[in-house]
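Take a look at the following structure, please.
The values are calculated or read from the model by the stated rules, or taken from the named source; none is laboratory data. None of the values given here were measured: they were computed from a predicted structure. Every residue, glycine among them, receives a Cβ derived from its backbone with ideal geometry; neighbour counts consider all protein chains shown. Keep in mind that these areas ignore ligands, DNA and RNA; they rest on the heavy atoms of the full protein, side chains included. Shrake-Rupley method; radii C 1.70, N 1.55, O 1.52, S 1.80 Å.
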Amino acid sequence: MNPIRVLSLLACLAVAAMASPTARMHDNTVNQALKPSQWLSVQELEAIPSVDELTLERLENMSLEKGAELLQQVYHLSQINHDVEPNFVPNNIQVYVPKPNGDKIVAPINEMIQRLKQKQNFGQDEVTIIVTGLPQTSETVKKATRKLVQAYMQRYNLQQQQQQAQKYNSESNEDNKRQRTSSEEDYSEQAKNANTNTGDIIVIDLGSTLTNYKRYAMLDIEKTGAKIGKWIVELTSQLQLPHETIHMIGQNVGAHVAGAAANEFTRLTGHKLRRVTGLDPSNIVAKNRNTLTGLARGDAEFVDAIHTSVYGMGTPIRSGDVDFYPNGLGAGVPGAENVVEAAMRATRYFAESVRPGNERSFPAVPANSLKQYKQNDGFGKRAYMGIDAAYDIEGDYILQVNPKSPFGRNAPAQKQNSYHGVHNAWESNKDF
């Protein structure tokens, strides 16, 4: 039976079961609210679109609340009999490596290692591997991914940018005749205090293979992750990269794929990658019956997750050593107008923390709800969501965020804006 039609069949079975004599004989003391009829009527079941009709564009055109409600209905129906098993494994995913001048190296994943061998000094310091989880056809997704890549390019090339700025200033005839502006002083202070390394970025564009919700829902996370994990083994072996320098970042369903890839790397080498970060890990619709699937602590030496669409495209399930819930558990976060935007806010938050000088823009404290966070007035053992998360923290952390950039409540807007003003080729390169 085609697993794609299981959702519709399960819905019909659920309605039939509600009307059956056997169902009426169940203990009447059971809370009536637990009945499916209390949360989904026959008319509502009929109104739910098939996976072929559900698109990213459709979700972006729905309100946050309506989109979250629809996705929750689809998810819960898919889990009734656990019969929806994954069947999509993408072949030869496109990979790109951005360069400081705004260009990028692009190749299918099975050709990229040979291309990287020709790149001088690749992987001498840190290597960040980003696994996208939604297609770049959405401007919201594209912008968030671009912001993350830009942030890392700025971080890894800060020393070069400082040298260029100093050279420009020394060559300027007017430089000695004018006073330094406040924005220049802010940037210099920001750069001086930044805790950065040099490094390289690899973007595994899994999201662009998930061209519709059907592929997204039916993605075989374990098999896809295993293929990427094997590729990382080859990468570290052929380029002689130490595994301790690798940080994997996964967006949405890509977070689970990153976890599976890290697991496969450990299985094949006996070593764990340094860190895996999940940016709004998704609900998993299709699951193999006998396999535990999903990002989890233990996938790397340190696993952290940021949840921004818990009851939308994301999941409330703990996914790491530490889980951050900006503004608590909800369908979205302040300023997000739909579920796609809410899901990508995790990427925007992390990108903001990556920008030099903003590493501690998102202070958080342990709590199990926004209410508890507010009652405690934000007191407790402080941790920082984002690039500067300490590897020894554990548990659930709550924080509050701003509805627009700068999102972090510890991020001075003036410093953010002054840094954004620094010339960077990636700021003008929108095409990826």
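What pairs come out if I take residues in segment 315-330 that are in contact (Cβ under 8 Å) with a residue 60 or more places away in the chain and pair them with residues that are of a type in the set (Phe, Trp, Tyr) and in a loop (DSSP other than H, G, I, E, B) whose C-beta lies under 9 Å away, six or more apart or interchain?
Listed by first residue and then by second, the contacts come to ASP321/TYR391; PHE324/PHE362; PRO326/PHE362; PRO326/PHE407.
Conditions tested, residue by residue: (1) open to solvent by 70 Å² or more (accessible area, probe 1.4 Å); (2) modelled with pLDDT of 90 or more.
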| residue | (1), (2) |
| --- | --- |
| HIS76 | yes, no |
| GLN79 | no, no |
| ILE93 | no, yes |
| TYR96 | no, yes |
| GLY102 | no, no |
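How about segment 227-245: which of its residues are touching a residue at least 12 places away in the same chain (Cβ under 8 Å), more than 19 Å from ASN110 (Cβ to Cβ) and not polar (S, T, N, Q)?
HIS243, GLU244
Related question: Out of segment 292-309, which residues are in a loop (DSSP other than H, G, I, E, B), of a type outside the set (Gly, Ala, Ser) and surrounded by fewer than 24 Cβ atoms within 10 Å (Cβ to Cβ)?
Across segment 292-309, the qualifying residues are LEU292, THR293, ARG297, GLU301.
Yes/no per residue for (1) outside any loop (DSSP other than H, G, I, E, B); (2) among the small types (Gly, Ala, Ser); (3) in contact with a Gly (Cβ under 9 Å, 6 or more places away or on another chain):
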site	(1), (2), (3)
ILE228	yes, no, no
ILE232	yes, no, no
HIS256	yes, no, yes
GLU264	yes, no, yes
HIS271	no, no, no
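Output the number of the condition that LYS230 fails; it satisfies all remaining conditions of (1) under 15 Å from the mean Cα position of the chain (by Cα); (2) basic (Lys, Arg); (3) open to solvent by 50 Å² or more (accessible area, probe 1.4 Å).
Here LYS230 meets the rest and fails (1).
While we're here: Can you spot a residue in segment 110-126 that is in contact with a strand residue (DSSP E or B) (Cβ under 6 Å, 6 or more places away or on another chain) and either closer than 19 Å to GLY314 by Cβ or among the β-branched types (Val, Ile, Thr) (or both)?
no
Is it true that some residue in segment 350-363 is part of a loop (DSSP other than H, G, I, E, B), open to solvent by less than 10 Å² (accessible area, probe 1.4 Å), among the hydroxyl-bearing types (Ser, Thr, Tyr) and modelled with pLDDT of 90 or more?
yes
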